[in-house]
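Notes for the one structure printed next.
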Amino acid sequence: MRLAGYGFPAGFYIGPDSNGTYQTNLQYGRRFFPPELVRTPIPCFVSKKPAGTLRLFILGGSAAQGIPNPEFSFGRILEALLRHRYPGIGFEVINAAMTAINSHVVLEIAADCASQEPDLFVVYMGNNEVVGPYGPGTVFQKWVPDLRLIRANLLLKSMRTGQLLENAIRPLISEKGRTAWRGMEMFLGNPVGADDPRLVAVYRNYKQNLKDICSAGRQAGAAVILSTVAVNIGDCPPFQSLHRSAMRDDELRKWETIYQAGVELEAKEVWSEALKKYKAAVRLDGRFAELQFRMGRCLAAAGRHREARECFVAARDLDALRFRADTIINKTIREVAASLESNGVRLADAERLLPPQEDARADADGELFFEHVHLSFNGNYLLARHVLARAEAALPQLAAFRSPGPVLSREQCAEALALTDLDNYEMAEQMAQFMSRPPFLNQLDHAARLASARERIEQLKEIASEPSALRKARGITERALEKAPDDWILRRKLGKLALWEGRFDTAADHLRTALRKHPWEPMLHVDLGYAEQMVGRNTEAINHYREAIKMDPGCVRAYTNLGAVLAGLGRMEEAIDCFRKALEIDPNDGSAYLNLGGILAGSGRIEEAVPYLRKAAAMTPPNAMAYYSLGKALAAGGRSNEAADNFRRALEIRPDFADARRELQSLKSGLRTDPPMPLP
């Protein structure tokens, strides 16, 4: 089967190539996720370690990876801190974290990283133990309680014969309606209460996996830092609350009456009286997570921060959608680190650092977290500083350094990594869209919290929209690149800024340079393909898009961009295939719906086009072009009233949309309209 090309490589790294270089296996997630839900690691490469270089691996889930932008993860910040503080020593900080994984997957990654000359493992994981692969709240596989069975299953999937067997039985067990990754909302139907007996196995397995990860690092000669996991507790209400089991109907009615009375008093800011009601409700049922959170808010408002924190912690631990590391997870990390301290394992206690112990609501303005677990740049900086101190104690090469330089400030790290106003706006907007979907919609006071986030985003947008913003961002990035000329990420950033400025030849030059330094990144091919496309070098663009797809078959943007080029060349059926493939991978891709609908309508296939354009128009945030294109298709199909409604909606979104205004006027005048053409 291997010779015939069946299956996929099982290791986190594939190689070596002729130069002795290993690269990340972008198919690695197929061992742990169904094909339609597969997650991919960050593309990177590892070669023979140069003399005088220390190699650090970051292990964990999306919080360790640096969502929403790994360019500003704590690993990148840690690398900047180390390079400035220890000139003369080379540092490679490799981000081996992945979205949605837990300790079962991290152990497999750690074993592969152990063969790559590591000097330090930094382990930051625990949020996904229940919802990740083999957890009781997962959507990825059926629950497997025994660690030996889990590991046997993973071993089987590492073999081509095991992959064949899984592919044969998957159609018999696949869940209906599970067609694509939809983030946290996929887990809404899988609550796990704090008293669920399956959690016992979760905590037991987690502890053993932690020990084995440490063992993999130590056997390879690497020091290990285990970090507790910081999560937002004071400004993140529980996602789902459950009453205690076996609660009688009369008890529930009494509880509801008392609880609602407390809610009304809290709304009037009568904190002490509201707290009395909530405490009365606790006596009937204290396992309702939202009740604990409300008590925490009342206590915090009264200045009783220590008691408030206890309630916020309880609310997190009782949350039935377990997307945050809980008390037992962090206690386990501390216990394992303490038991292995004499063997080169050290503890970084992020939970006690973020947020400050004295006030769990200190992050109410979003300074540390974007939402429930993902850190802002400020949060990542504080975590990196904390890990730096532990790394200095763990690595003898650093402990022996005679005169280390000063520790970079938060502002200096931002300059070194070229954090710009555009980046701040993009990250805030991306996370606001993330929080505009379930399960965040179910949280207490979600609308007010999202409105506050939107207010901050508008402020950032105003700054990022200034005429000088792109020029300022380019200057920041150029200065950072001068100090780190081999940093391909900064070079790519310059290329993307040039794309936004419309300097496509300059963009192509920067992106080619970045690609020479780092040829394993599919999105570099996508960005370079777009630059080539914009200057009319369509053959080169098509080649880059196809190369990106070859490297990462799940690269949606490569398919949508390729479809746009092919449509522009009149190769409509090929373009349609590209957009259909993009929608197979991501049914929430608005641009694919818009372009596919536009091509079909432009080809006279109006009735076939309308459903796709309706989908595009239903996306969030609203897109004026989607409503305009839908209006054009409906008008071409003789449905003038519906067309007019969509042109009006386009004008509501963009009052300066001259084409929509003209089409609306044409309908009023009884003139015919042509169907929409394929979009660029």
Anchor Lys277: lysines whose Cα lies under 30 Å away (excluding residues fewer than 8 positions away in-chain) | Lys254, Lys268
Global geometry of region 181-241, whether rounded, prolate or oblate, following the gyration tensor of its Cα atoms and the 1.5 cut on a/c | prolate
Span-like helices, the chain: DSSP H, alpha-carbon axial extent 24 Å or more, mean Kyte-Doolittle -1.0 or greater, which ones?
-> 198-219, 249-267, 377-394, 446-464
Cα-derived Rg to Rh of region 555-680, Kirkwood definition = 0.98
The chain - mean residue ellipticity at 222 nm from DSSP helices (-39,500 (n - 2.57) per run, n ≥ 4, rounded to 500) = -17500 deg cm²/dmol
State the volume of the convex hull built on the alpha-carbon positions of region 23-135, expressed per residue in Å³ and rounded to an integer.
-> 95
What aspartates and glutamates sit close enough to Lys48 to cross-link, taking a C-alpha to C-alpha distance under 20 Å and skipping anything fewer than 8 places away on the same chain?
-> Asp17, Glu79, Glu92, Asp112, Glu117, Asp119, Asp486, Asp487, Glu521
Given charges of +1 on the Cβ of Lys and Arg and -1 on the Cβ of Asp and Glu, with all other atoms neutral, how large is the dipole of region 480-542 about its Cα centre, in debye to the nearest 20?
-> 100
Value of relative contact order over region 555-680, rounded to a whole percent, pairs C-alpha under 8 Å and six or more apart = 23
Using the alpha-carbon centroid of each, what span in Å lies between region 4-22 and region 369-419?
-> 33
If R0 = 51 Å, then Asn543 and Met247, at their Cβ-Cβ distance, give a FRET efficiency to the nearest 0.05 of 0.20
What residues have an amide H closer than 5 Å to that of Ile225, excluding those fewer than 5 places away on the same chain, when H is modeled at 1.01 Å from N in the peptide plane?
-> Phe121, Val122, Val123, Arg346
Most packed first (mean Cβ within 10 Å per residue), the peptides 191-199, 209-217 order as 209-217, 191-199
Checking rank on 485-497, 12-24, with mean other Cβ inside 10 Å and highest first, the result is 485-497, 12-24
Net lengthening on full extension, Glu608/Val263 (0.36 nm per residue, minus Cα-Cα) | 119.2 nm
Taking neighbour counts of Cβ atoms within 10 Å as a proxy for exposure, in what order, fewest first, do Ile333, Ile542 appear?
-> Ile542, Ile333
Among Gly303, Thr257, Ala314, which residue has its Cα positioned farthest towards the positive end of the charge dipole of region 249-318, with +1 placed on the Cβ of Lys and Arg, -1 on the Cβ of Asp and Glu, and the dipole taken about the Cα centre?
-> Gly303
Would you kindly give the portion of the calculated P(r) for region 249-318 that falls above 13 Å, as a percent of all Cα pairs?
-> 59
Return the long-range amide H neighbours of Val93 (sequence gap of 5 or more, or a different chain), with a cut-off of under 5 Å between placed amide H atoms.
-> Leu56
Which percent, nearest 5, of DSSP beta bridges in the chain are antiparallel?
-> 20
Inter-centroid distance (Cα atoms) of region 473-517 relative to region 225-268, Å | 49
Within region 223-237, whose backbone N sits under 19 Å from a point 7 Å along Cα→Cβ of Glu455?
-> 235-237
With 0.36 nm assigned to each residue of separation and the Cα-Cα distance removed, Ser47 to Arg479 gains 152.7 nm
Taking only C-alpha positions in the chain, Rg and Dmax in angstrom work out to 26.6, 84
Just need the relative contact order of region 286-440 here, percent rounded to a whole number, with Cα pairs under 8 Å and 6+ apart.
-> 16
On each of the three principal axes the extent of the alpha-carbon atoms of region 480-542, given in whole Å and largest first, is 34, 25, 13
Among 381-392, 398-409, 155-166, 646-657, what's the highest-first ranking by average C-beta atoms within 10 angstrom per residue?
-> 381-392, 646-657, 155-166, 398-409
Pairs beyond 32 Å (Cα-Cα), from Lys461/Lys615; Lys496/Lys550; Lys581/Lys632; Lys211/Lys496 | Lys211/Lys496
Given just the C-alpha atoms of region 493-622, how large is their convex hull per residue in cubic angstrom?
-> 106
Can you list the lysines whose alpha carbon sits under 17 Å from that of Lys49, skipping same-chain ones fewer than 8 residues off?
-> Lys517
Cα shape, region 293-348, gyration tensor, a/c 1.5 rule = oblate
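Any read-out appearing in this document is the output of simple, stated calculations on the displayed coordinates, not a laboratory observation. Keep in mind the model is a prediction, meaning the values are calculated, not measured. Every residue, glycine as well, gets a Cβ built from its backbone with ideal geometry; the counts of neighbours run over all protein chains shown.
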